[in-house]
Amino acid sequence: MPVDCQRSTSGGKGNIGMFIERDPNICAAGLPTAQPDERLGDCLQHYLLKDEADALIGDAIIPPTNLNQLLPLRHPIPIDKRYAGPFCDMAQIVNPPIKTKFQTLVADFKDTAYSSYWKMPVGRVRDPVPMLPEGFDVYTTFGKATGFHGRLYDVVMPKKPYPDRTPSSKRAGVQLERNYCSPPYQPDVTYGHRTLVDKRGTYAKCCITDDKVTIGTANRTIINTIQTNYQDMNQPSLGKVLAPNDNISDVPKGYTFGKLKPLDNLPECLTTCDINPGMESFRKCLKHLNTLRKGLSKRFLPTFFRSFYLNLKHFDKVKTGWLPKEIVYKCCGAKFIRFDPTFIEPLLSMWKAFDGTNIEYKTFVHVINYREPSPEIPKIPDVPEDCLDFRTTYTEMVKPGQVIDDRLMAGLPSGRYFDLDYPITPERCTKADRTCLPHESDMKSCLCPSVLTLLHVNHRDMYEKREPHVVRRVFEAAGETFTDERFHNIWEEAKKYHSQGWICYETFRQALNKNNNTVEVVKE
């Protein structure tokens, strides 16, 4: 074998001593080359001149052109919003940017740390015991129990106080005994000048301790008698019953105010009629039906009710649309549909789908189907029809045939038209303000305006001086009938109501009412 072949195929050194070389001169497969030192990778490497130039330029160190360039700021320069008005930071706070769907989804997943988020019970919070695993007993105590050494209260406030071993010389306010000579030293002498405020010399003691604090009147203040009476009537004192009228003293001993048996509900308090007893049972039936439909919505798909209807129809051999209730209940039990028949049967009877023994299964399936609306529910009155009264105060007030109330209104009249011969100008007003009585109107004229007010007839038209033929024509148009003699007598009577004998519509009306009353008395 050639020497070049032996030199290029010397073999590896990792198997030395592991195998027996029967022929130490083994050449690799294939024809040996004339260049035993060359590799295949050296043949594949080929660089162009441009690639070599780019490599040299990349390795070169080029100094930056702008050496004075500032470093980038960590935070941008804030915008000057001193005169921004409504476009300041408050606008971003009031109108925050709308979250994207991804941000909303991330926020929802952050709130789902507890599995109870997806099993939120009705009427309860989603995680009643935060920061604890689901189903964990909150009353579990960790750690090792220590021995009982007594309560802290017994240590601070012992039942048997410990004897005070403080020496008398160390107590507060103790006058030290310095063994002075008793004749020249008097311990009862008070040093300093005596004030003229308190000749007893105990002025400081009076300032420190107030007798009002001991009595309990330190927080009392001097107020008006009217205010004290109001507080006694409306503000209850601590530990005392607020009874300004003292009703308990006017009733027998052991008397209880109010009804002994309270009413069942609010409608019974608002009406004097008996509430329909079937209303409460009807509500219980609807509540049970809603619970059943809600439970079925979580267990079955909408396509289940069609197949369930066909299963019930299979048992209807006569094809009447009705099945005995036992068969219907048995089929429901096979599908694990549990309900109380005492609540479902009254509803089926109301919808004419139950006759006591048989059930119309098509209506029954329609009722329990949560995807279909319930059949129309007839109106169930709360009270009997004879107790219903739809009359109102206003309709009773304006209905025809009402008796005219000629009595004077309660209180003092707001205008000066009954005790004077002519209207006067209100205070701080002019004569023009008397046209429509701005300050002299009452509440009745505002709520129920008369025909005269609607036709813009004011008080000046009613109290203006009129001629006899004008007054007679107006009252005859209103429905009155006069003879010449009767009209003359009423006119002469009306002249007495004014100092100068002037007559207006109001004075003539008063005289006419007086004449009518006199005629009625004479007839009787």
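The values are calculated or read from the model by the stated rules, or taken from the named source; none is laboratory data. Just so it is clear, the structure is predicted and the values come from calculations on it, not from any experiment. As a convention, Cβ positions derive from the backbone with ideal geometry for all residues, glycine included, and neighbour counts pool all protein chains shown. Protein only, heavy atoms only, side chains kept; ligands, DNA and RNA dropped before computing areas. Shrake-Rupley method; radii C 1.70, N 1.55, O 1.52, S 1.80 Å.
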Task: Solvent exposure ordering (accessible area, 1.4 Å, most first) of F282, F315 - done: F315, F282
Open item on the list: Output wanted: per-residue J couplings in Hz (rounded whole) for the range 346-363, from phi through Karplus 6.51 cos²θ - 1.76 cosθ + 1.60, θ = phi - 60°, x for Gly and Pro.
Closed with: x, 5, 5, 5, 5, 8, 6, 10, 8, 10, x, 10, 10, 10, 6, 5, 5, 5
- [ ] Pull out the extension gain between N234 and V155, defined as 0.36 nm times the separation in residues minus the alpha carbon to alpha carbon distance; nm, one decimal.
- [x] 23.8 nm
- [ ] Report ³J(HN,Hα) in whole Hz for each residue of the range 333-344, in order, from the Karplus equation J = 6.51 cos²θ - 1.76 cosθ + 1.60 where θ = phi - 60°; Gly and Pro get x.
- [x] x, 5, 8, 6, 9, 9, 7, 9, x, 5, 9, 8
Task: Calculated from backbone phi, Karplus (6.51, -1.76, 1.60) coupling profile of the range 160-173 in Hz, x at Gly/Pro - done: 10, x, 6, x, 7, 9, 6, x, 4, 6, 9, 6, 6, x
Task: Diffusion coefficient, µm² s⁻¹, Stokes-Einstein with Kirkwood Rh over alpha-carbon pairs of the range 218-345 at 10 °C and 1.306 mPa s - done: 71
- [ ] May I ask you to rank V106, V521 by accessible area, largest first, using a 1.4 Å probe over the protein chains only?
- [x] V521, V106
Task: Of K294/K317; K110/K287; K287/K319; K298/K330, pairs whose Cα-Cα distance is over 27 Å - done: K294/K317; K110/K287; K287/K319
Task: Neighbour cut-off at most 16 other Cβ (10 Å), DSSP loop, trypsin sites (Lys or Arg not before Pro), the range 297-396 - done: K298, R299, K317, K319, K335, R338, K352, R371, K379, R391
TODO: Please list the non-local residues whose amide H lies under 5 Å from the amide H of N369, H modeled 1.01 Å from N, same-chain partners needing a gap of 5 or more.
DONE: none
Task: Stokes-Einstein D (µm²/s) once Rh is taken as the Kirkwood radius of the range 336-410 over alpha-carbon pairs, at 4 °C in 1.567 mPa s - done: 74
TODO: Any chance you could look up the accessible area of W491 with a 1.4 Å probe, heavy atoms only, rounded to 10 Å²?
DONE: 30
